[in-house]
């Protein structure tokens, strides 16, 4: 899509990225330097000795007050990270299997068909949330009925309504129960694999098992939900996007990557400096945090021409919306499969999407305004008629 179309969200990092490459907003009650430039973000991620992934302190705000275990392997540093990651990687590669591709295809078809039979649908909780939850059962190879419980947790297991600590305790209880059942009656599912796995020649501890499952339920849940609703929202705002993909179906792969670059559903993550460190002129004391800003890096003008434009044929597109390096998102293949499937089925069966009412998520940060996803997105989805097929 050579002429592109504007993405109507200001880039809050543009000026600081060009002038200094770092800002120091108040995050989680502290002044935390945020690394903004594409190259600097990648350099930081490639240097785990200087910028470490410490337990509870990768998410910003940190989750020390709402969860009891570190998320594995995200909050583990090399060299232990690799062997931990290898334990669960076979499950996170399942989106490459034909049987899972077929299941996700059928699921998206079912949900879109139901959406088109109503006068309106709220896409966050009535489409994106059940899609993410039910698709996750395929990833973990558990009964699809488990999704009913997961849907009840909302869009974020800690932050979507209710007391975060109470929600965390509820999640812990669910994980403990699932692991107990798997240990007693092992099968081919994710929980059973954890109860039978070994690390450095010993069985995993229960805390380690819970860390893996906690990441699975809390790590990528809201990012996938926000990505799905945001892609549909962008297509609704600019019908030319869908028209272009319908005319150029071979561009769906590159389009899915460009949507993720533009959306960048995870704004940033934290790293901890083990010693006093100069970060682009900002002084960080030992055991204090820095932030690597994926969203800013994905709009870096030195890497992406006209970054404010959605160019569905953008090549190359070295975005880092799924992270980079050692901690590349475990769920990247899962997210990619979902987005590609949605785009293909929109081209095949949807004539248009009309926004009836939209409320964006409120920014979590006071020092810069960046909306990620929708709190609510009510739309009317019109199917393609016989003359359009």
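Laboratory data are not the source of any read-out in this text; all were calculated from the coordinates shown. All figures in this text were calculated on a predicted structure; none of them were measured in a lab. Methodologically, a virtual Cβ is constructed for each residue, glycine included, from the backbone with ideal geometry; neighbour enumeration extends over all protein chains shown.
Data for the structure
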{"quantity": "Fluctuation leader among 319, 268, 81 - the chain, Gaussian network, Cα springs under 10 angstrom", "calculated": "81"}
{"quantity": "Sorted largest first, extent of the stretch 151-206 alpha carbons per principal axis (Å)", "calculated": "40, 22, 16"}
{"quantity": "The stretch 212-296, relative contact order [Cα under 8 Å, separation at least 6], %", "calculated": "24 percent"}
{"quantity": "Whole-number D in µm²/s for the stretch 78-187 (Stokes-Einstein; Kirkwood sum over Cα pairs; 20 °C, 1.002 mPa s)", "calculated": "133 µm²/s"}
{"quantity": "Pairwise FRET efficiency - residue 141 versus residue 332, Cβ, R0 = 25 Å, nearest 0.05", "calculated": "0.85"}
{"quantity": "Potential extension, residue 120-residue 357 segment - 0.36 nm per residue separation minus Cα distance", "calculated": "84.3 nm"}
{"quantity": "Antiparallel bridge percentage (DSSP; both residues within the chain; nearest 5)", "calculated": "95 percent"}
{"quantity": "Value of [θ]222 nm, deg cm²/dmol, for the chain, DSSP H segments ≥ 4, -39500 (n - 2.57) each, nearest 500", "calculated": "-13000 deg cm²/dmol"}
{"quantity": "Ranking of 17, 93 by count of other Cβ atoms within 10 Å, fewest first", "calculated": "93, 17"}
{"quantity": "Cα-based shape type of the chain, given that a ≥ b ≥ c are square roots of the gyration tensor eigenvalues and the cut on a/c is 1.5", "calculated": "oblate"}
{"quantity": "Taking the stretch 5-383 and dividing mean pair separation by its residue count, relative contact order in percent (alpha carbons under 8 Å, at least six apart)", "calculated": "27 percent"}
{"quantity": "Estimated FRET transfer efficiency (residue 31, residue 248; beta-carbon r; R0 56 Å; 0.05)", "calculated": "0.75"}
{"quantity": "Relative contact order (%) - criterion: Cα under 8 Å, at least six apart; region: the stretch 173-314", "calculated": "17 percent"}
{"quantity": "Efficiency of FRET between residue 207 and residue 99 - r from beta-carbon atoms, R0 30 angstrom, step 0.05", "calculated": "0.35"}
{"quantity": "Stretchable slack from residue 156 to residue 109, in nm (0.36 nm times residue separation minus alpha-carbon distance)", "calculated": "14.5 nm"}
{"quantity": "Rounded if a/c under 1.5, otherwise prolate or oblate - the stretch 170-233, Cα gyration tensor axes", "calculated": "prolate"}
{"quantity": "Whether the stretch 210-277 is rounded, prolate or oblate, judged on the alpha carbon gyration tensor where a/c under 1.5 counts as rounded", "calculated": "prolate"}
